[in-house]
Amino acid sequence: MDNMYCLRCNRELDAGHKSLAVYMFAQTVGIRPRQKSGAQRINFCPPCSVSLAMGPAPEGALNIAAWNMLRDVVGADPALNQAAWESIRGIAGYLPATGTDGSRRTATNGYFEF
């Protein structure tokens, strides 16, 4: 099987790892003989899937159709969001597991020191 890459960030997606695949093909309607293109598989890693779905709508009819599909998948089940968080946590130093950076913040004169 060929190596897959996220279309947005170009991160390699190994077989069996969590990702979102969008399949696209073209087919004639009402024209005989029917013509079909081969199906293209477009892959997105979980963080890019969630980021794209939560962002503003893109321009162009085909882009909006794909964006609506991403939003439907991301909103249907929290599993993809969970996979995105797991992936982000896996990047060293990007997001600590506890949600904090380990340093203590203290209040002085009514303000927090960061």
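The values are calculated or read from the model by the stated rules, or taken from the named source; none is laboratory data. Just so you know, these numbers come straight off a predicted model, no measurement behind them. Glycine gets a Cβ as well: all are built from the backbone with ideal geometry, and neighbour counts include every protein chain shown.
Residue-by-condition table, conditions (1) touching a helix residue (DSSP H, G or I) at 6+ places or on another chain (Cβ under 9 Å); (2) among the hydrophobic types (A, V, I, L, M, F, W, C); (3) touching a residue at least 12 places away in the same chain (Cβ under 8 Å):
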site	(1), (2), (3)
TYR5	no, no, yes
ASN10	no, no, no
ALA26	no, yes, no
ARG32	no, no, no
PRO47	yes, no, yes
ALA61	no, yes, no
note = Checked ALA53, ALA57, ALA65 against criteria (part of a loop (DSSP other than H, G, I, E, B), of a type in the set (A, V, I, L, M) and modelled with pLDDT of 90 or more); the one match is ALA57
note = Exception for ARG34 within (1) charged (D, E, K, R); (2) more than 19 Å from ILE88 (Cα to Cα); (3) touching a Pro at 6+ places or on another chain (Cβ under 9 Å) falls at (3)
query = What are the residues in segment 15-57 that are exposed (fewer than 11 other Cβ atoms within 10 Å of the Cβ) and closer than 18 Å to TRP85 by Cα, if any?
reply = GLY16
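Is it true that some residue in segment 17-38 is part of a helix (DSSP H, G or I), under 15 Å from the mean Cα position of the chain (by Cα) and polar (S, T, N, Q)?
no
Kindly indicate which of VAL73, VAL50 is farther than 16 Å from ARG8 by Cα and of a type in the set (A, V, I, L, M). Give the steps one after another, and end with the answer.
Details: VAL50 fails: farther than 16 Å from ARG8 by Cα.
Result of the check over VAL73, VAL50: VAL73.
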ask   = Quick one: ASN81 ticks every box in (1) of a type outside the set (A, V, I, L, M, F, W, C); (2) part of a loop (DSSP other than H, G, I, E, B); (3) at pLDDT below 90 bar one, so which box is it?
value = (2)
